[in-house]
Amino acid sequence: MKFLKDGSLLEYAKRLNEINLNKRAEVFFNLSKTIINRQNYEIIPITSDKLRETDCYYVSSNVQELLQLAENMLMDMKRNTGGCNLRCFQTLLEILDYYRIYASKICQKTIPKEVALLHNNFKYISHEIKNWNTFYSDILDNGIPPFKFEAFQFQSIAEEVFNKFVTIQKMN
């Protein structure tokens with residue numbers, strides 16, 4: 001009974017939940033790093049319903065897989081409520097940031113076909129993030145900030161990557 005009176009059991013349960021949450025976030029992040037680091041340049045077409053909404057026609061299969069993982073995280077957040085959503089959302093932002101940095105570095109040493117593919121990848125991710133702001137606004141409005149700058153960042157990087165490459169090609 002002493003366990004219940006002084007709140008130790010409740011504190012223990014909260015700590016256990018926090019440990020579980022951190023472990024889940026770590027698993028998601030490590031899985032995303034594996035997908036990103038694969039350097040898979042297998043090109044896949046974007047489904048026909050999305051063709052009308054974006055001018056990218058082909059993307060890397062690992063980007064499609066990464067976005068599916070992110071979508072699964074968002075659906076998981078939609079099912080849950082409370083503090084765990086904030087931790088999952090922070091992990092999702094870290095994943096997007098990791099891809100942005102990783103792909104930006106790759107852009108510096110690529111051939112034209114890869115530059116075009118990375119350009120499409122960035123534009124497609126930007127497009128999907130805009131969709132997430134619409135479809136998942138209920139979880140994002142629940143104390144979790146929406147993807148305010150990420151869609152713009154990915155769109156800007158897409159243009160920057162392509163323009164840098166064109167400038168370098170003109171100089172050669």
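The values are calculated or read from the model by the stated rules, or taken from the named source; none is laboratory data. Note that the structure is a prediction, hence the values are computed from the model and not measured. Note that we place each Cβ from the backbone using ideal geometry, even for glycine, and neighbour counts take in every protein chain shown.
Looking for whichever is at pLDDT 85 or above, of a type in the set (Asp, Glu) and in contact with a Lys or Arg (Cβ under 9 Å, 6 or more places away or on another chain) here; the options are 65, 71, 94, 26. Which one fits?
Values: 71 fails: in contact with a Lys or Arg (Cβ under 9 Å, 6 or more places away or on another chain); 94 fails: in contact with a Lys or Arg (Cβ under 9 Å, 6 or more places away or on another chain); 26 fails: in contact with a Lys or Arg (Cβ under 9 Å, 6 or more places away or on another chain).
65 is the lone residue from the list that is at pLDDT 85 or above, of a type in the set (Asp, Glu) and in contact with a Lys or Arg (Cβ under 9 Å, 6 or more places away or on another chain).
Within the stretch 106-118, is even one residue of a type in the set (Lys, Arg), surrounded by fewer than 20 Cβ atoms within 10 Å (Cβ to Cβ) and at pLDDT 80 or above?
Initial filter on the stretch 106-118 (of a type in the set (Lys, Arg)): 109, 113.
Remaining after also requiring surrounded by fewer than 20 Cβ atoms within 10 Å (Cβ to Cβ): 109, 113.
If we keep only those that are at pLDDT 80 or above too, we end up with none.
No: zero hits.
On the given criteria, is residue 125 in a helix (DSSP H, G or I), at pLDDT below 85 and either within 13 Å of the chain's Cα centre (by Cα) or surrounded by 15 or more Cβ atoms within 10 Å (Cβ to Cβ) (or both)? Give the derivation first.
On the way: in a helix (DSSP H, G or I): yes; at pLDDT below 85: no; either within 13 Å of the chain's Cα centre (by Cα) or surrounded by 15 or more Cβ atoms within 10 Å (Cβ to Cβ) (or both): yes.
No; evaluated as a whole, the condition is false for this residue.
So, of the residues in the stretch 134-156 that are over 22 Å from residue 101 (Cα atoms) and assigned to a helix (DSSP H, G or I), which turns out to be modelled with the lowest pLDDT?
140
Among the residues of the stretch 76-91, write down those that are assigned to a helix (DSSP H, G or I), at pLDDT below 85 and not acidic (Asp, Glu). Lay out the reasoning, then the answer.
First, the residues of the stretch 76-91 that are assigned to a helix (DSSP H, G or I): 76-79, 83-91.
From what is left, the residues that are at pLDDT below 85 are 76-79, 83-89.
Within the stretch 76-91, 77, 78, 79, 83, 84, 85, 86, 87, 88, 89 qualify.
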